[in-house]
Amino acid sequence: MATPDLLDPKSAVHNSKPRLSFSIQPVVLYTPEDECDTRTTVMRWKTVSAIFFLVVLYLIIGATVFRVLEQPHESSQKLAILAEKLDFLAMHACVNSSELEDLVKQVVSAVRAGVNPSGNASNQTSLWDISSSFFFAGTVITTIGFGNISPHTEGGRIFCIIYALLGIPLFGFLLAGVGDQLGTIFGKGIAKVEKMIVKWKVSQTKIRVISTLIFILFGCLIFVALPVIIFKHIEGWSTLESIYFVVITLTTIGFGDFVAGEKGGSENPEFLNYYKPVVWFWILVGLAYFAAVLSMIGDWFRVISKKTKEEVGEFRAHAAEWTANVSAEFKETRRRLSVDIYDKFQRAASIKRKLSSELGINQEMTPGKRSLSTTLCEDREAYPNLTLSLSPVTGTLSRNGSLYLNGLSPDYADRREIAIIEHFN
Amino acid sequence: MHSVGRSWLLLTGFILFYVIYLLFGALLFSSIERPVEDKLRNEIEALKREFLNQSCVNDASLEHFLVKVMTANKYGVSVLRNSSATSNWDLASSMFFANTLVTTVGYGHTTPLSDTGKAFSILYALIGVPFTMLVLTACVQRIMYPLVLAPVCLLQRSGLEPRPATVVHFLLLMVLMLLCLFVAPAAVFSTVELSWSFLDGFYFCFISLCTIGLGDFVPGTQPGQVYRPLYQVAVIVYLFVGLMMMFLLLRTFHKMADLHGLTSFLQLPRCEESDLGDRERIVEGANADQAASYLTEKEASKPLEPGSQPSYNTINTS
């Protein structure tokens, strides 16, 4: 099935939507009769290793493209910052290089710890106040893991591990439930739309395709386009950066270079208090949506791989069948030919003996092929049934591809015998 | 409908519990981390003041300089003396980055700087994430037999009942994985990375294999790392294998939960399609008389995940 089964409202109620299965064609490893028997097919290993090599190839391609795109930028950034440093050192002659290095090192490690050294201490909001900690806990449980905040104490880290161990399954429950409800709502809507479309007498597959498209469009509108506009307005990012943030967050990659709600709360703390929970809620529902989208893409991959396998399998089956047919027919022809040729030899020999005995010729004529062919030709009128019996067979052979006849290896048939057949034709 | 109402109730219950859990975590994190943060902030303030006092630099130009440094640092560009040689975007590092993108770990120690890079990341992730999940699922299905089904068979043959056999096997598997995937690599990382302790290494392994990927610890980013490309490729391999094992563990747990009736107990909606799931049963069907009713019930249906998935996109992969 190329699309998730969101169309059936009955199944949407008690159904595992969004469809998040990526399992490939299941292999029944054993049946109750054979206990613990190994029944894995050879094809599976090949498929898996093929896919594995594909992934490695995909990674290598990605790596090369990223390198080509990013390295020049990185070099220019490096040059810029080095120039800044040199400028600074030149402008302020009393600072020596090593002192500056020290300061920069401290600043960098402070930044990594989440402390912002620029600005005064007074108007700084802590990174670990309640709403930010809430947000951090949320990023851990959803496995997004932005990383702009991270625990730095040993106790914090140990607690983080335990917290995640319990929280991630909990979130899995929640996500499944939310996805289910989402699927129900969507399924009901789609059922109504379907009722309208059915009046137009469109085929089932088209309905499926249309519903998938509607699903993607609607979802993108609500969970991607709307947040992008909001983020652009509030965070001041560009369109591309907003889309980038949305995708990176909702696939749970979560780099952390862009994080919503990071801007200082000095302007309007109350507003920020509402903004962050709304962002969290959006992440929750958006995750369910993205899970559905990604599972759809996974389904397509699965269908493509299955179809390719089927097609390859079909093609192979056809080729095998065709080869088997042809070789069977060919063997039959060969058998018949050899019988006929033997017959002809016998008759030619007998005729020759008769003639020679009548004419008194005592030569030993080896029945060369050419003389045989001439004899056979002469005998054609005498033995019309022979040609009749031969031609249907050769007819079928030529139907299956006369080049097959010509391209045969000599151990299947004598070429000259073939020439006889063609001559007959 | 009763079932719809019930599922809404369950959902609300879950959301409430989730919010409470988050609040609890927030409180605890806040109380643990905030004092340390304050201390660090004070230290850096003191350092700045000291620097300003003994030199001719004024506040504004220092601020300006620091902002520039921090922006560069955000993108992984360091201004320190000894880090100018290695790039963050040579082939091995780019591959490492692509790998973090595709497995959804997403450390964030290097992020695309250019607009084209960001656009390409979006596309790459949208295609690569389901692709990787597919590969991992396929591999897990393949190794399910020698690692799970055969040992359970063995345990059953040696006299255990089917259900305890699965529990014993699951516990053994967990312990084995803890040793091989967490403890051993943590030890390796803490030796290779000079500034990491054992706890840091363990923390890194856990955060990576759950695909959280905070990014505070990333192997191979220290300046002067020997054999850096090889090391990064080794980490990529470790991530893959580790993720695969986590999936395997979850699938085993799910099958075990099925067998013990946990999924029906939690009364989550089920999926009636039988073409998706694999029909491997974790125990022999012939011997499991008392569990036979469960098995026949559950064989045709593929229940919705009752949980214990580390990431959203592994739901229903078993």
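Where a number appears in this text, it was derived from the coordinates with a stated rule and is not lab data. Nothing here was measured: the structure is a model prediction, and the numbers come from that model. Cβ coordinates were reconstructed from backbone atoms using ideal geometry, including for glycine residues, and neighbour counts include every protein chain displayed.
Structure notes:
- Label sites at B:L9 and A:K199, each approximated as a point 7 angstrom past Cα along Cα to Cβ, lie 4.0 nm apart.
- Ranked for footprinting exposure by Cβ neighbours inside 10 Å, fewest first, B:C139, A:C160, B:C56 give B:C56, B:C139, A:C160.
- Panel order for B:L9, A:L174, B:L40, by other beta carbons found within 10 Å of each beta carbon, from fewest to most: B:L9, B:L40, A:L174.
- Residue-wise HN-Hα coupling along the range B:237-251, computed from phi with Karplus coefficients 6.51, -1.76, 1.60 (Hz; x: Gly, Pro): 4, 4, 4, 4, 4, x, 4, 4, 5, 5, 4, 4, 4, 5, 5
- Reference-scaled alpha-carbon Rg (2.2 N^0.38 Å with N residues) for the range A:174-342: 1.82
- Whole-Hz couplings from phi, Karplus 6.51/-1.76/1.60, listed for the range B:180-189; x for Gly and Pro: 7, 9, 10, 5, 5, x, 4, 4, 4, 5
- Lysine pair count for the range A:174-342 with Cα-Cα distance under 28 Å and sequence separation of 8 or more or different chains is 13.
- Lysine pair count for the range B:3-267 [Cα-Cα under 27 Å; pairs on different chains or 8 or more apart]: 7
- Among B:F170, B:F97, B:F17, the ranking by other beta carbons within 10 Å of each residue's beta carbon, starting with the fewest, stands as B:F17, B:F170, B:F97.
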